[in-house]
Every structure is written in C-alpha cells, then in structure tokens.
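S.K.: Mind looking over this structure? Questions follow.
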Amino acid sequence: MQHVVRAPRSQTLRSRAAAPLAVALLALAVAAPAQAAPANEAVLRAARAQEEVVIRSLGDMVAIDSGSDDAAGLRRMADYVERRLQALDARTERLQPKADAPEMVKGTLTGNGRLRAMLIAHMDTVYAPGILATAPYRRDGNRLFGPGIADNKGGIAVILHALETLRATGWRDYAQITVLFNHDEEIGSGGSGETIATLGAQHDVVLSFEPSPAKAVAGSEGVLLGAAGTGEAFLTVEGRAAHAGSAPTEGRNALVELAYQLQRTADIAKDMPDAQLSWTTAQAGLTRNQIPASAQAAADVRILSDAAGDRLLKALEAKVAEGRLVPDTTTRVRLERGRPPYVAGPKGQALAERAKKIYAELDGRELLFLPGTFGGTDAGYAARSGKPAVLESLGLAGWGYHARNEYIEIDSIVPRVYLAARLLQELARDGAADARTSRP
Ligand SMILES: [Zn+2]
C-alpha cells in the first residue's frame with residue numbers, strides 16, 4: 001500500500017494530504033459490538049499454535065531485502081514463499097508479466113467445496129538493500145520491528161498460517177483457493193495489475209492482506225473499505241528558444257510559464273473530497289544560456305473514483321485555459337491513470353460485516369470499518385471487474401510503514417490468523433453467492 005504514516009484520528013484527510021506515506025483514516029466508523037457467537041475452538045486452538053511459527057516466518061522474510069527494484073532479493077522472496085506454498089500442498093507457478101521483470105508467485109489449492117477465493121499480498125518493500133543494518137529485526141514488548149514487517153510481509157505470513165491453520169483442522173470445503181504474491185505493489189503494480197484484475201474476476205471473493213492500523217494508533221484493529229486510485233498528471237509547456245544573452249526577448253520562456261501554471265494549479269483539488277494532486281517533478285531547460293523552449297511537470301494524483309479523475313482533469317484544463325503569463329506559449333494538460341480506486345461497495349461491506357462478527361467471536365472485540373485512504377492498494381485491481389467481493393487490510397496490525405520504526409503488534413497475530421481462516425470457512429459454508437449480497 002502506498003501509505004501515509006502518523007494519523008492522529010481527529011485530523012481530517014485534507015490536513016494530512018501533504019504528509020508523505022500513510023494511511024489517511026478518513027473517519028473511523030466504530031461498529032457497534034455484534035452479538036458474539038462463541039469462538040470456533042478447533043480453529044482458535046490451531047491459530048494459537050501458530051503464533052511462534054508466525055514470528056519465525058516474519059523473521060525469515062524480513063531478513064530478505066526485497067525492495068521493488070531489488071531483482072535478486074525479490075527472487076529470494078519468491079523462492080521462500082513458493083517453498084512455503086508447496087509445503088501446504090499448493091500447486092505453484094511463477095508468473096512473469098514482462099520479460100526480465102521479477103516474477104509473481106501463484107499457488108493453487110483445490111478442495112471439495114464450491115467457494116473460489118483469492119488471497120493477495122505483496123513481496124516488495126520500499127526499502128533499499130542493507131536497511132537491516134540501521135533498522136534491525138527486533139522485539140520490544142508487544143511490538144516486532146523490521147523493514148516491511150507490516151507492509152507487507154505480515155500479510156504474507158497471515159495467508160500462509162491461516163491456510164496452515166485450516167489444514168490442521170482438515171478443512172477443505174472450497175473449490176479453489178488461489179494465493180498470489182506480487183513483486184511491484186510499492187511502485188504501482190504496473191507489471192502485476194492486469195494479472196490481479198484477471199484472476200480476481202475468476203473468483204467469488206478476494207481477500208487482500210495489507211496491514212491494519214495498529215491499536216496503539218487507531219484504538220482497535222480494522223478492515224479497509226476504500227482506497228484511492230493512483231495516476232499522474234502532466235503540464236507540458238511549449239515556448240520558443242532564444243539566446244539568453246543576446247536576444248532573450250526573442251524567446252518565449254517555457255520554464256517561467258510552467259512556474260506560473262504550477263502556482264495556479266497547486267491546490268486545484270483543495271475542495272475536492274475525492275481527489276488529491278501534488279506536483280512532484282519538473283524538467284526544463286537544456287543549457288544555461290538558452291531560453292527554454294519547453295518545460296514539463298508531473299504530479300502524484302489520487303482519486304477515489306473514475307469520475308473524480310474526470311472532474312480533476314476538467315478543473316486543471318479550465319484553470320490553464322484561464323490565462324498565461326508568457327505570451328505565445330501553449331500549455332497542455334494530461335492525466336494518466338494507474339491503479340484503479342478500490343471501493344468495497346455492498347459486496348465488500350457484506351464481507352466486512354462477516355469479519356466483524358467473526359472478530360467478535362474472540363471476546364467480543366470490535367473491528368473498525370476504515371472507510372477509505374488516499375493510499376493505493378491492489379484491491380483496486382482485484383475489484384476492477386466488479387465481479388468478486390473484495391476486502392482489504394486483513395494483514396497484521398502495525399504502523400510505521402515505509403519508516404525506520406515499522407512494526408507489527410504481536411497480539412494481533414492469532415486474531416488475524418483466526419479471522420482469515422474463519423472468514424474462508426464462513427464464506428464456504430454460506431456459499432460465496434451470499435457474500436455478494438449484503439445479507440449479514
Ligand atoms: Zn503494502
């Protein structure tokens with residue numbers, strides 16, 4: 001998840017827009033505690049038996065540097081998770097969307113039921129090789145620290161150990177469970193997105209295991225019901241070159257015009273609750289003694305719906321068309337859309353309601369419904385076809401994503417493994433079709 005860290009609950013999204021990396025907790029909807037059913041003792045016992053093994057798995061994976069551009073590290077991660085899936089009797093494949101690109105790992109389990117479920121998490125992190133030297137794997141009370149431990153190696157661990165928990169109980173009431181671990185989520189899933197979307201459409205439900213905000217931050221654990229789509233906006237200015245010394249006025253300075261348009265559009269999304277734009281990169285000028293004929297800037301764009309993207313583009317075009325500073329220059333606006341927004345909708349909401357009921361089985365604890373984030377997640381691709389019910393943030397509770405003090409809360413391990421295992425059981429029992437209707 002392209003995250004935003006540090007989220008005082010009272011802060012509105014807008015004031016956090018400038019914050020780098022984080023989960024913007026739009027508003028925390030505290031769900032009323034459900035009438036708790038008793039816990040499934042067999043699953044709970046098996047999940048409890050996993051806790052120390054999960055901690056070992058986290059240590060194994062955190063020890064493997066796997067930044068998005070670390071091909072060797074990603075190959076080691078792929079080897080590790082493929083071995084783990086094979087140990088669960090999954091049939092495994094390596095998927096390579098682009099030649100020479102790192103590989104995704106797909107695992108397929110077949111059972112004797114009807115449910116078709118896909119479980120997703122990503123192997124890549126934002127950290128450069130060698131990060132462990134300054135951000136070591138360590139335990140401190142209820143926290144386990146390590147680069148990528150929450151985002152998203154914790155999610156991989158919950159998937160592996162929820163399947164191990166179900167296997168320990170002999171549960172095989174599903175038609176197919178597909179596990180997909182991708183390699184490029186932190187850089188926008190340009191390689192894996194289409195595969196996630198295509199496979200997602202072939203399943204009844206997709207469970208995505210990005211982290212849940214730590215209880216130390218949000219009070220309770222939660223699941224996510226919305227995430228932004230990502231994109232890039234461009235301003236391209238054409239002017240006229242001239243000698244900066246002898247004939248500057250012959251030129252039409254594209255850099256000056258760009259600076260003018262950047263100022264006028266910097267807060268274009270200020271009053272748009274479902275869109276965000278931040279100019280982040282720019283290029284202009286080839287040599288110091290030449291008036292630059294062209295200049296370009298690019299912006300990080302977040303949109304909570306496709307319509308929000310349309311509105312943002314229209315607003316940008318209208319603003320630029322209002323006027324220019326340097327005569328005879330032209331400014332073109334372009335918006336390139338990347339990862340689609342994730343909107344849980346009624347299907348995802350029904351999944352969240354189930355998850356809330358299951359979590360209440362564990363001493364009546366609550367589960368927050370996090371309405372949305374301006375971070376992006378692969379749940380957007382998984383839900384793109386509109387076919388599967390999709391729920392996000394089923395990974396471990398943690399915080400400090402993309403920062404040196406990234407951690408998970410150890411006391412979230414058993415509940416999260418239990419939740420994932422029980423959710424699959426419930427969906428299979430009631431038939432995935434029910435998950436598509438909002439019957440709680
Ligand atoms: Zn992530």
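The values are calculated or read from the model by the stated rules, or taken from the named source; none is laboratory data. Keep in mind that what you see is a predicted model, and the values were worked out from it rather than measured. Note: ideal-geometry Cβ built from the backbone for every residue, glycine included; neighbour counts use all protein chains shown. When the accessible area is computed, the model is the full protein with side chains, heavy atoms only, and any ligands, DNA or RNA have been set aside. Shrake-Rupley method; radii C 1.70, N 1.55, O 1.52, S 1.80 Å.
S.K.: Would you please name the residue that is farthest from L207 (Cα to Cα), looking only at residues in region 349-365 that are at pLDDT 95 or above and charged (D, E, K, R)?
M.R.: Ranking the qualifying residues of region 349-365, first place goes to E361.
S.K.: How about region 147-225: which helices (runs of 4 or more DSSP H) wholly inside it have at least 3 residues that are of a type in the set (G, A, S), assigned by TED's automatic domain parsing to the domain that holds G107 and within 14 Å of the ligand (Cβ to nearest atom)? Let's see the steps before the verdict.
M.R.: Working: elements: 154-168, 193-200, 215-218.
Those helices (runs of 4 or more DSSP H) span 154-168.
S.K.: Quick one: Y127 ticks every box in (1) farther than 18 Å from S57 by Cβ; (2) outside any loop (DSSP other than H, G, I, E, B); (3) within 16 Å of the ligand (Cβ to nearest atom) except a single one, so which number is it?
M.R.: (2)
S.K.: Being charged (D, E, K, R), open to solvent by 40 Å² or more (accessible area, probe 1.4 Å) and outside any loop (DSSP other than H, G, I, E, B), is that true of even one residue in region 98-111?
M.R.: Just the residues of region 98-111 that are charged (D, E, K, R), to begin with: 98, 100, 103, 106.
Next, only the ones that are open to solvent by 40 Å² or more (accessible area, probe 1.4 Å) stay: 98, 100, 103.
From what's left, outside any loop (DSSP other than H, G, I, E, B): none.
Scanning region 98-111, I find no residue that is charged (D, E, K, R), open to solvent by 40 Å² or more (accessible area, probe 1.4 Å) and outside any loop (DSSP other than H, G, I, E, B), so the answer is no.
S.K.: Please go through (1) open to solvent by 20 Å² or more (accessible area, probe 1.4 Å); (2) more than 16 Å from the chain's Cα centre (by Cα) for P371 and return the number of the only condition it doesn't satisfy.
M.R.: Every condition holds for P371 apart from (2).
S.K.: Separate question: Search region 414-427 for residues that are within 9 Å of V158 (Cβ to Cβ) and pair each with any residue that is open to solvent by 10 Å² or more (accessible area, probe 1.4 Å) when their beta-carbon atoms are under 8 Å apart and the residues are at least 6 apart or on different chains.
M.R.: V417/Q50
S.K.: Could you tell me whether G148 is under 19 Å from the mean Cα position of the chain (by Cα) and crowded, with 21+ Cβ neighbours inside 10 Å?
M.R.: yes
S.K.: Would region 414-434 turn up any residue that is touching a Pro at 6+ places or on another chain (Cβ under 8 Å) and within 16 Å of the ligand (Cβ to nearest atom)?
M.R.: No, that holds for no residue.
S.K.: Take I268 and decide whether it is over 17 Å from the mean Cα position of the chain (by Cα) and over 30 Å from R114 (Cβ atoms).
M.R.: Criteria met by I268.
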